[in-house]
Amino acid sequence: MITIKPVDESSVEACASLKCAPDQLQFTNSPIWTLLEAAYTPLRQHCGVYAVCTEDTVVGMVRLDFTLHEGFYEFTNLLIDQAHQRKGYASEAIRQIIALFRRDGRFSLLRIHAAPDNTSAIRLYEKLGFSFSGKTEDGVFAVYRYSLQDGS
């Protein structure tokens, strides 16, 4: 069982120390960059960084964008520490993210983008009900959508 909760003074150091598997480095930002960007750039008005935790251990983190985009939510920089991968934590974190956005209730659409080569992440998103909806404007990333109303 995992929970997601806003990063605070009790979890920031553990979040900053997270490491992804070496073959995933090309697909994610450094956890330190994610924390700094959310704290010290204009993003801070629109998003929050959340720790992914087991009972008392930080196993990952994710940035949730509540109002960065008009008309939809987004999450990005989901990182599960390499020592805790393949335990279902990313799937459960995404389910909890979906529930959190549903409770927030501002939008009915959730989007995520992924590098086309990040096949593990894409398989996970599709398994959880996300569907391909095109590419980002610059053509670099594949965009996936999830309806918070009907789960498609």
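Please say if the range 75-116 is rounded, prolate or oblate, where rounded means a/c under 1.5 for a ≥ b ≥ c the square roots of the C-alpha gyration tensor eigenvalues, and otherwise the choice is prolate for a/b larger than b/c and oblate otherwise? Note, shape of the range 75-116 comes out oblate.
Does the chain come out rounded, prolate or oblate, given a ≥ b ≥ c as the square roots of the eigenvalues of its C-alpha gyration tensor, rounded meaning a/c under 1.5 and, failing that, prolate meaning a/b above b/c? Cα axes put the chain in the rounded bin.
Going by a ≥ b ≥ c, the root eigenvalues of the Cα gyration tensor, does the range 33-112 fall in the rounded group (a/c under 1.5), the prolate group (a/b larger than b/c) or the oblate group? Oblate, since a/c reaches 1.5 and b/c is not below a/b.
Which whole-number percentage describes the relative contact order of the chain, with Cα contacts under 8 Å and a sequence gap of 6 or more? Provide the component values of the computation, followed by the final result.
On the way: 253 pairs, mean separation 29.6, N = 152.
For the chain, the relative contact order is 20 percent.
Please get the size of the charge dipole for the range 3-108, origin at its Cα centre, with Cβ charges of +1 on Lys and Arg and -1 on Asp and Glu, quoted in debye to the nearest 20.
On the way: 10 positive and 13 negative charges, 58 e Å.
About 280 debye.
Taking every DSSP helix (H) stretch of at least 4 residues in the chain, weighting each as -39,500 (n - 2.57) and dividing the sum by the residue count yields a mean residue ellipticity at 222 nm of -7500 deg cm²/dmol. Spatial offset of the range 61-81 relative to the range 97-140 amounts to 10 Å, using the alpha carbon center of each. Quick one: among Asp56, Asp138, Asp65, which has the greatest mean-square fluctuation in a GNM of the chain with alpha-carbon springs under 10 angstrom? Fluctuation is largest for Asp138. Between Arg123 and Asp150, the contour length at 0.36 nm per residue exceeds the alpha carbon distance by 7.7 nm. Taking each residue as 0.36 nm, the span from Phe132 to Leu109 lengthens on full extension beyond its C-alpha to C-alpha distance by 7.0 nm.
Bear in mind these aren't lab numbers, they're just calculated from the coordinates by the rules spelled out. Computed from a predicted model, the values in this text were never measured in an experiment. As a convention, Cβ positions derive from the backbone with ideal geometry for all residues, glycine included, and neighbour counts pool all protein chains shown.
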